[in-house]
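Note sheet for the following structure.
Taken together, the values in this text are just the output of simple stated rules run on the coordinates, not laboratory data. Keep in mind that what you see is a predicted model, and the values were worked out from it rather than measured. Cβ sites come from the backbone with ideal geometry, for glycine too, and all protein chains shown count toward neighbours.
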Amino acid sequence: MPIEPGAILAARDRLRGRVRRTPLGESRSLTDRLGVPVRLKLEHHQVTGSFKVRGATNAVLALTDPQKARGIVGVSTGNHGRGLAYAAQAAGVRCVICMSSLVPQNKIDGIRALGAEVRIVGDSQDEAQEEVDRLVADDGLTMLPPFDQPDIIAGQGTVGLELVEDLPDLETVLVPLSGGGLIAGVALAVKTARPDARIVGVSMERGAAMIESLRAGRPVFVQEVATLADSLGGGIGLDNRHTFAMVRDLVDETVTLTEDEIADGIRHAYWQDIEIVEGSGAVGLGALLADKVRPTGPTIVLLSGRNIDMTLHHRVVSSNMTPQLG
Ligand SMILES: *Cc1c(COP(=O)(O)O)cnc(C)c1O
């Protein structure tokens, strides 16, 4: 394993008092429907609205003093960018987030509001990445990637420690899966305490890079397409160093959802559980509702984020139609 369970314990100590320890709620409706206790990890109530601030905070605090003095840089329009901005501001570290000119203004404003410098460069993610490389080479900033980095994985793994503490007899955990930093950390933490627990990764059908890579036996390129689970888009990196192997070795099962099934998850969270959850955060609910995972014992659904455009959320929960994106 690229990271040891001890790294997750160390991350928990670093994060204490800096990010929320989120509650484990219950889903009465899914418990009744499935006949097993179904609990909801309310990680969408995390500061910044997603778990990504855990890995970001752990990674920022793990920097050396000279690295902290020079600052961090990342490329992200979404939850990773927010996590980095928040973590850096809290630690008094400079943070630059690079984005392409295609990014909507509200996302730019959201990251600026957290104190980061936003740099708009070119009109593709690749050009934004070139600016990151320049800032690393010329100004000595440290690039923090969204998932494939040991401190990030360990930080996300602290979610898993909380699951085992709050529900020691857990059997199945459903975890949203993209680059695999979240599920790798959670699986390592949970399986260290409960080796027989079943960890299930859930992605969208459209553009599930990790699942395609697992099938191919190596990281592969997958075309990114518009999806309601937009935080799960993007590749795992052809030069993936950590998460591919960890997911391959620790995750028991993966499932993919249609856009309708993701929308069902968002609607169920809202109407039954009274929670606003983004598409990526609701895929575990969608998987249970679609009977794509059949739990036999105490089950946890990890709700990973809530940063959804509220106009889109309104459209999803107000009808049974799934908005057509892109
Ligand atoms: C990033 C993200 C994920 C996926 O996390 P990975 O570590 O990339 O697998 C899931 N849900 C939300 C809300 C996210 O922002």
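Some observations on this one:
- Packing-based order for 208-221, 125-138, using average beta carbon neighbours within 10 Å, highest first: 208-221, 125-138
- For the stretch 53-143, averaging the sequence separation of C-alpha pairs within contact (under 8 Å, six or more residues apart) and dividing by the residue count gives a relative contact order of 32 percent.
- Amide H contacts for residue 143 (H built 1.01 Å from N in the peptide plane; partners 5 or more residues away or on another chain; cut-off under 5 Å): 73.
- For residue 107, the lysines whose Cα falls under 23 Å of its own Cα, not counting residues fewer than eight places away in the same chain, are 52.
- Over the chain, dividing the summed -39,500 (n - 2.57) contributions of all DSSP H runs of at least 4 residues by the number of residues returns a 222 nm mean residue ellipticity of -13500 deg cm²/dmol.
- Computed on the chain, with alpha-carbon pairs under 8 angstrom and 6+ residues apart, the relative contact order is 19 percent.
- Helix runs (DSSP H) in the chain reaching 27 Å along axis by Cα, Kyte-Doolittle at least 1.0: none
- Taken about its Cα centre, the stretch 53-143 carries a charge dipole of roughly 480 debye when the Cβ of each Lys and Arg holds +1 and the Cβ of each Asp and Glu holds -1.
- The charge dipole of the chain, taken about its Cα centre with unit charges on the Cβ of Lys, Arg, Asp and Glu (plus for the first two, minus for the last two), comes to roughly 720 debye.
- For residue 233, no residue 5 or more places off, or on another chain, has a built amide H under 5 Å of its own.
- Relative contact order [Cα under 8 Å, 6+ residues apart], the stretch 1-84, whole percent: 26 percent
- Backbone amide hydrogens, once placed in the peptide plane, bring residue 95 within less than 5 Å of 72, 117, excluding anything fewer than 5 places away on its chain.
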